[in-house]
Structure formats: C-alpha cells, structure tokens
Amino acid sequence: MNSSDLRSRGAARAFVIHVEPKNRSRPDAALRDAQARLAEAVGLTAAIHLDVAVAQVVPLARPTPATLLGTGKVEEIAILAKDQEPDVIIVNAHLTPVQQRNLEKAWNSKVLDRTAVILEIFGERAATREGALQVELAHLNYQRSRLVRSWTHLERQRGGFGFLGGPGESQIESDRRLIAERIVRIKAELDKVKRTRSLGRQARRKVPFPVVALVGYTNAGKSTLFNRLTESEVLAKDLLFATLDPTMRGVKLPKGTRIILSDTVGFIADLPTELVAAFRATLEEVLAADVIVHVRDAAHDESAAQKADVMKVLEELGLPPDRHILEILNKIDLLEPEQREGLLTRNGRGEAIAVSALTGSGIPALLASFEAGVTRDNITLSLKLDAADGSALAFAYRHSQVLERHDRAGKISLSVRIHPDDLGRFESRFPKKITIEQGVAN
C-alpha cells in the first residue's frame with residue numbers, strides 16, 4: 001500500500017521517533033535542537049500524508065548494531081506499537097538494512113528511516129521525466145542493499161516508491177541483476193540529460209542572459225520569491241520539498257538587464273547521498289550560474305544551522321570556497337516589527353538583503369543586488385552608428401544594456417554595457433565603431 005492508498009483510506013497513522021545521540025560530534029551540533037529536529041521529522045512525515053499519532057525524542061548513548069536503539073527502548077516502543085497499531089514507524093536516523101528488518105520484527109510494523117521518507121516525498125513530487133529518473137536512480141541505489149519491496153513502485157502509475165507497502169510479499173522481486181540493469185539504463189538517460197543541459201547553458205551564453213540561481217533549505221520560501229519576481233505560478237506551499245523539478249523564467253531588472261532566474265530543489269539536513277548523486281546533473285546548474293542566491297528563512301529558529309546544511313551540500317557539489325553568494329533573509333513578515341524594520345534599513349549596505357516574498361517588502365533592493373551581481377564584471381563601450389542602420393541599433397539594444405543615447409546629425413552615439421564574453425561578438429558586428437570606456441564596470 002503506497003502513501004496515496006493510505007491517504008484514501010483515511011486511517012494512516014505514524015509514530016515519529018527522532019534518535020538523538022547524547023554526544024553528537026557534528027559541527028552544527030550546538031546549532032540544532034533535538035525538538036526542532038523532531039519537528040522537522042514530523043513535517044517530513046506530514047509531507048507523505050501520514051497523521052502523526054506519537055512523536056518523541058529518543059536519546060542514544062551508544063548505537064546498537066542490530067537495532068540502533070537499546071533493547072529497553074525497542075521493547076518500550078514495541079508495547080506502545082502493539083497498543084496503538086500504527087501503519088508505519090518513522091525513525092529519524094539512517095538505518096542499515098539489518099536494523100530496519102530487526103525493528104520491523106520487534107515492532108510488528110513497517111519501519112522507514114529518514115532516507116526512505118525523503119525518497120518517498122521526492123517520488124511523489126517528481127513532475128518531469130528527468131525528475132522521475134533522478135529519484136528512481138536514488139531509490140534503486142538505496143534499495144539495492146535491502147531488496148525489500150524493490151519493484152512495487154514499477155507497478156504503480158502514481159508517485160512515491162512503495163516504502164509504505166505494495167501488492168504483496170509474493171510479488172516482491174529480489175533480483176540484483178534487474179536492479180543493476182535498470183540503474184545502467186537510467187544513468188545512460190541522465191547522461192543525455194546532462195549533455196542537453198550543457199548545450200542549453202551554451203545556448204544561453206550566446207543570447208546572452210546571465211543566470212541567477214536560487215538555492216536554500218527546503219521551505220525557505222524560494223518558490224514564493226520566484227513567483228513574486230517572475231509573476232509565475234510555481235507550486236509554493238508551506239510544505240517540505242514543494243518544489244522538486246527546476247524551473248527557469250526570464251526577468252527584466254530595473255535598469256534593463258535581462259536575466260534567467262532559476263528555482264531549484266530545496267536542501268535539508270542529512271540529505272541522502274543517493275539524492276545528491278542522482279540530482280548532480282540538475283544541481284550543477286547552480287554552480288554554472290552567474291549569481292548564486294541563498295534564500296534563508298529569517299524567522300526560523302534554526303536558520304543558522306540550515307545555512308550550514310546548504311553550504312555543506314554546495315561544497316559537496318564542488319562550489320569553490322571563494323565563490324561569492326548573495327544571501328537573502330526571507331519571511332521577514334513573520335518577525336517582530338522592530339526587528340523587521342532593522343533588517344530592511346540595512347538593505348543596500350553590502351550585507352544580506354532582507355525581503356518578504358509574501359508582501360513584497362525589500363524586493364527593490366533585491367533586484368538592485370541582482371543587477372549589481374550580474375553586471376559587476378561588465379565592460380562599458382562607446383558605439384557610433386548610422387541612424388539609418390536600424391538592424392544595428394536593434395542588435396545593440398537586444399544584446400546589451402544601453403546606458404546613454406545621443407542622436408545628432410544622422411548619427412547615434414550609444415554607451416552600452418556588455419558581458420566580457422560578448423566583446424568579440426560586438427567587435428565583429430561593429431568593426432571600427434566601438435571604443436572601450438571601462439574594462440570593468442564600477
């Protein structure tokens with residue numbers, strides 16, 4: 001039974017257990033609170049349409065190889081599960097195949113770990129062929145060592161991956177060869193996607209429109225901001241991983257610069273390595289962007305920890321440590337008035353830009369920052385044209401930012417800004433008609 005079936009049944013109940021090591025050694029340990037991590041696990045559970053009947057933090061002094069949790073805690077949860085009969089027990093930790101099977105036997109219930117829940121969400125949300133392939137690849141890599149319900153998702157027409165059940169144990173295949181063959185085919189298809197994306201980037205360079213990529217923790221408000229800036233209707237809900245497939249739209253900035261704005265999948269703490277690998281082709285779009293914009297939820301209690309998680313994923317993707325990232329503090333409408341006004345007054349001073357994608361506060365300063373970011377390396381040219389040469393004038397307006405124009409005695413003098421990559425094109429199009437005013441725009 002998949003999550004859609006459970007939802008239609010109207011009786012899908014889950015226990016959520018966050019496993020909290022007593023001596024966590026993660027660099028962000030001081031930034032994260034156990035209750036906040038439990039709340040996030042509850043949010044992930046809600047995203048696959050399960051009602052949370054019980055949610056608790058389980059301290060862990062020392063991991064147990066067979067069950068992760070200690071014997072006493074396993075027995076305690078077994079008694080609770082026998083009484084409450086949940087449809088599934090979510091363990092907010094990474095379980096080995098052996099630990100998962102042993103816990104299922106001990107609790108007589110389906111058990112999902114954090115990775116399985118995130119994969120289930122992604123399986124439901126993938127709206128494009130590429131997204132579906134990427135998530136299926138992650139799922140197969142995850143299932144390869146488990147061989148539990150590995151193929152139930154192939155028999156369904158809806159999203160998700162069947163971690164919540166399937167057509168029955170008698171139909172479950174456990175053939176590693178089939179999984180390996182499918183992985184090979186998916187990787188071949190995704191290689192084609194990667195080549196297509198590379199060609200698309202090259203084509204955009206010829207236009208040329210610089211790319212501004214939005215990244216951030218899941219539910220930080222990237223899609224709401226994207227809709228505000230592009231007047232689009234990308235799915236934007238108070239829901240973890242509301243956006244999965246990347247979306248691009250054209251935006252014209254206040255001074256006339258045109259950009260392509262890209263919305264990407266949200267990141268999360270302990271993002272499964274299978275997903276990072278599967279979505280590499282998509283996420284590499286971020287690294288190739290002219291400007292990377294990190295959208296943060298300014299009102300979230302763990303905003304700093306979420307920032308650390310996002311930067312960790314970008315680092316894993318190969319982002320150079322010295323790469324500049326424009327930081328956006330979103331959702332300031334949820335802050336106290338004094339705090340909100342204090343952030344807004346600092347806009348434009350080279351710090352993080354405070355905005356509310358919902359109300360529009362701070363958006364002008366944000367657009368100005370985009371313009372400064374995409375034009376900071378631009379070259380300023382003087383261009384002299386014949387007034388009768390309409391095609392040349394149209395070319396200049398189409399492929400540059402026109403700063404000044406003077407019409408005099410059948411001649412037109414333009415001061416324009418272009419990307420350095422386009423200098424050769426302008427020199428070829430306007431031989432002996434251009435003069436470089438500034439190598440780098442101020």
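The values are calculated or read from the model by the stated rules, or taken from the named source; none is laboratory data. The model shown is predicted, which means the values in this text are computed figures rather than measured ones. For neighbour counting, all protein chains shown are included, and Cβ atoms are generated from backbone atoms with ideal geometry for every residue, glycine included.
A few remarks follow.
- Contact map, segment 373-389: residues that are under 17 Å from ARG425 (Cβ atoms) and of a type in the set (Gly, Ala, Ser) paired with residues that are at pLDDT 85 or above and surrounded by 14 or more Cβ atoms within 10 Å (Cβ to Cβ), Cβ distance under 9 Å, separation 6+ or inter-chain. Pairs shown: SER382/LEU414; SER382/SER415; SER382/VAL416.
- Selection status of LEU366, at pLDDT below 90, out of contact with any Gly (no Cβ under 8 Å at 6 or more places or on another chain) and not in a loop (DSSP other than H, G, I, E, B): no
- Enumeration of residues in segment 99-156 that are over 27 Å from the mean Cα position of the chain (by Cα), modelled with pLDDT under 75 and basic (Lys, Arg): ARG149
- Of all residues in segment 221-240, those that are within 16 Å of ALA299 (Cα to Cα) and among the small types (Gly, Ala, Ser) have Cβ atoms under 7 Å from Cβ atoms of residues that are part of a loop (DSSP other than H, G, I, E, B) and at pLDDT 55 or above, 6 or more apart or on another chain, in GLY221/LYS331; GLY221/ALA357.
- Where helices (runs of 4 or more DSSP H) fall entirely within segment 46-152, those with at least 3 residues that are touching a His at 6+ places or on another chain (Cβ under 8 Å) and in the same structural domain as ARG13 (by TED's automatic domain parsing) are at 114-125.
To keep it simple, each residue is scored yes or no on (1) in contact (Cβ under 8 Å) with a residue 60 or more places away in the chain; (2) surrounded by fewer than 16 Cβ atoms within 10 Å (Cβ to Cβ); (3) not aliphatic (A, V, I, L, M).
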{"residue": "ARG32", "(1), (2), (3)": "yes, no, yes"}
{"residue": "ALA53", "(1), (2), (3)": "no, yes, no"}
{"residue": "ALA61", "(1), (2), (3)": "no, yes, no"}
{"residue": "LYS82", "(1), (2), (3)": "no, yes, yes"}
{"residue": "ASN102", "(1), (2), (3)": "no, no, yes"}
{"residue": "ASN108", "(1), (2), (3)": "no, yes, yes"}
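- Of the set (1) touching a residue at least 12 places away in the same chain (Cβ under 8 Å); (2) assigned to a strand (DSSP E or B), all apply to ARG405 but (1).
- Scanning segment 310-358 for residues being within 14 Å of ARG296 (Cβ to Cβ) and either not in a helix (DSSP H, G or I) or not assigned by TED's automatic domain parsing to the domain that holds ASP290 (or both) gives a total of 15.
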